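Asker: This is the structure I want to talk about, given as structure tokens.
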Amino acid sequence: MLSLIVLKKKSKKGGIKGHGKIATGGYALALLSVLYMLYSAYNLTISGRDPSVIYTHGLFGAISLSFGFIFVINRWRWKTRRNMRILLALWVLTFIGGLSIYLTFTGRLP
């Protein structure tokens, strides 16, 4: 909670540039994680355990990454609150889908 307060205070001074750097870093980490996710999905497909939720998760993930790329390359006309909220909703759907896939395959979710 304290870090959120500190981040808010700092964001008033150098807000947009700092936010852009954090968003770019997050996007780079997401791209790196995609390599592992593709490897895992490939292994599941080969083993015969490929439910349709993996494809849906992949579709939402690809849309989220494509939409995020527009923001990272600084296309300012796309950087509206509405579009950022849409991207956040897509990201949350992708995250929840990935988490449910993981919990299902590890046996922690029926």
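The values are calculated or read from the model by the stated rules, or taken from the named source; none is laboratory data. In this text, all values refer to a predicted model and were calculated from it rather than measured experimentally. Here the Cβ positions follow ideal geometry from the backbone for every residue, glycine too, while neighbour counts run over all protein chains shown.
Asker: Quick one: which residue in ASN83, ASN43, ASN74 is out of contact with any Leu (no Cβ under 7 Å at 6 or more places or on another chain), closer than 26 Å to LYS21 by Cα and modelled with pLDDT under 80?
Answerer: Being out of contact with any Leu (no Cβ under 7 Å at 6 or more places or on another chain), closer than 26 Å to LYS21 by Cα and modelled with pLDDT under 80 holds for just one of ASN83, ASN43, ASN74, which is ASN74.
Asker: Mind checking which residues of segment 73-110 are within 13 Å of the chain's Cα centre (by Cα) and in contact (Cβ under 8 Å) with a residue 40 or more places away in the chain?
Answerer: Listed by number, the residues that qualify are GLY97, GLY98.
Asker: For a quick check of your reading of the model, give me the residue pairs whose first member lies in segment 27-48 and is farther than 17 Å from PHE60 by Cα and part of a helix (DSSP H, G or I), whose second is modelled with pLDDT under 75 and not small (Gly, Ala, Ser), with beta-carbon atoms closer than 6 Å and at least 6 apart or on different chains.
Answerer: LEU44/ASP50
Asker: Considering only residues that are touching a Ser or Thr at 6+ places or on another chain (Cβ under 9 Å) and β-branched (Val, Ile, Thr), look in segment 54-71 and name the one that is nearest to ILE96 (Cα to Cα).
Answerer: ILE54
Asker: Here are the criteria: (1) over 29 Å from GLY107 (Cβ atoms); (2) modelled with pLDDT under 75; (3) surrounded by 14 or more Cβ atoms within 10 Å (Cβ to Cβ). Tell me which single one SER3 does not satisfy.
Answerer: Every listed condition holds for SER3 apart from (3).
Asker: Is it the case that LEU99 is assigned to a helix (DSSP H, G or I) and surrounded by 14 or more Cβ atoms within 10 Å (Cβ to Cβ)? Before the answer, list the steps.
Answerer: On the way: assigned to a helix (DSSP H, G or I): yes; surrounded by 14 or more Cβ atoms within 10 Å (Cβ to Cβ): no.
Taking the combined requirement at face value, the residue does not satisfy it.
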